[in-house]
Amino acid sequence: MAHLTSRQVLAIVTNYGVEQDELLVPVRHLRDHGAVVTVAAAQPGDVRTLVSDEKPGETVRPDTTIDDVDTAGFDLLLVPGGTLNADALRLRPDAVAAVEAFASSGRPIAAICHGPWALVEAGRVKGATLTSYPSLATDIRNAGGTWVDQEVVRDDGAGFPLVTSRDPGDLPAFLREVDAVLDDDAVPGD
C-alpha cells in the first residue's frame with residue numbers, strides 16, 4: 001500500500017471553513033499510501049473544518065503556515081474546497097504564490113470543489129480543461145479555461161498536470177487521479 005513513499009504533498013488551507021472530507025480524506029489516503037503530507041494553514045493554530053459549509057467538522061492541527069513553507073521540495077499541491085476556505089484562500093498572496101510556484105515549475109496541482117478559485121486568481125486556468133463546484137464555471141471560463149461537468153478531470157493544457165473534481169462525492173475518482181499523477185514517472189523532480 002506504500003506506493004507513494006517518496007512523494008511529498010503540500011495541502012494549503014485557511015484556518016476556518018475548509019470542507020472536512022476534501023482535506024481529511026485525501027490527507028489520510030495519501031499518508032496511508034506512503035506519501036508525506038504537510039498541511040499548511042493561513043495562520044498558526046488549529047484548522048476548523050466544516051461539513052457542507054455549515055456544520056462543524058473535525059479540528060486539524062496544521063504542520064506549518066503557508067507563509068513559512070518552502071514549496072520547492074513538494075511533488076504536488078492539494079487545494080481543498082469549502083466555500084469559505086477557498087474564497088479566503090484566493091485572497092492570500094502567499095496561497096496564490098504557492099499555486100504559481102507549482103504551476104510555473106510544471107508540478108501537479110489537485111483542486112476540488114471551490115479549490116480552483118486559487119488557480120483562477122493565479123491566472124493558471126487559461127488553456128486548461130477542468131471541473132469544480134458548478135458555481136465556479138463562469139469564473140473559470142472568464143479566466144480562459146474550459147469548464148466541464150465531470151467527476152474528475154486530469155489535464156495538462158495549462159502547462160502543468162491539473163487534477164480537479166466537483167465535490168466530496170467525487171473523492172474516489174479524484175484520489176485515483178491524484179495517485180496516478182504522483183505515480184507518473186514524468187513528475188518534475190524525479
- request: State whether one or more residues within the range 177-187 are under 16 Å from the mean Cα position of the chain (by Cα) and closer than 25 Å to D46 by Cα.
  value: no
query: Taking the range 1-31, which residues are out of contact with any helix residue (DSSP H, G or I) (no Cβ under 8 Å at 6 or more places or on another chain), modelled with pLDDT of 95 or more and either of a type in the set (A, V, I, L, M, F, W, C) or buried (at least 23 other Cβ atoms within 10 Å of the Cβ) (or both)?
result: L23, L24, V27
- request: Give me a count of the residues in the range 40-94 that are within 20 Å of P161 (Cβ to Cβ) and at pLDDT 95 or above.
  value: 10
query: Residues in the range 159-190 that are modelled with pLDDT under 95 and over 20 Å from L4 (Cα atoms): how many?
result: 0
query: Which one is surrounded by the fewest Cβ atoms within 10 Å (Cβ to Cβ), of the residues in the range 65-77 that are touching a strand residue (DSSP E or B) at 6+ places or on another chain (Cβ under 7 Å) and closer than 17 Å to A42 by Cβ?
result: T65
message: Being buried (at least 19 other Cβ atoms within 10 Å of the Cβ) and touching a Leu at 6+ places or on another chain (Cβ under 7 Å) narrows it down to one residue among P80, P62; which is it?
response: P80
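Check every one of the strands (runs of 3 or more DSSP E) wholly within the range 74-179 and list those with 3 or more residues that are more than 20 Å from T38 (Cα to Cα) and touching a residue at least 24 places away in the same chain (Cβ under 8 Å).
Working: elements: 76-79, 109-112, 152-155, 162-165.
The qualifying strands (runs of 3 or more DSSP E) are 152-155.
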field: In the range 120-138, residue surrounded by the fewest Cβ atoms within 10 Å (Cβ to Cβ) [restricted to those that are more than 15 Å from D170 (Cα to Cα) and touching a strand residue (DSSP E or B) at 6+ places or on another chain (Cβ under 6 Å)]
entry: A137
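The values are calculated or read from the model by the stated rules, or taken from the named source; none is laboratory data. A quick note: this is a predicted structure, and the numbers were derived from the prediction, not measured. Using ideal geometry, Cβ is built from the backbone for each residue, glycine included, and neighbour counts are taken over all protein chains shown.
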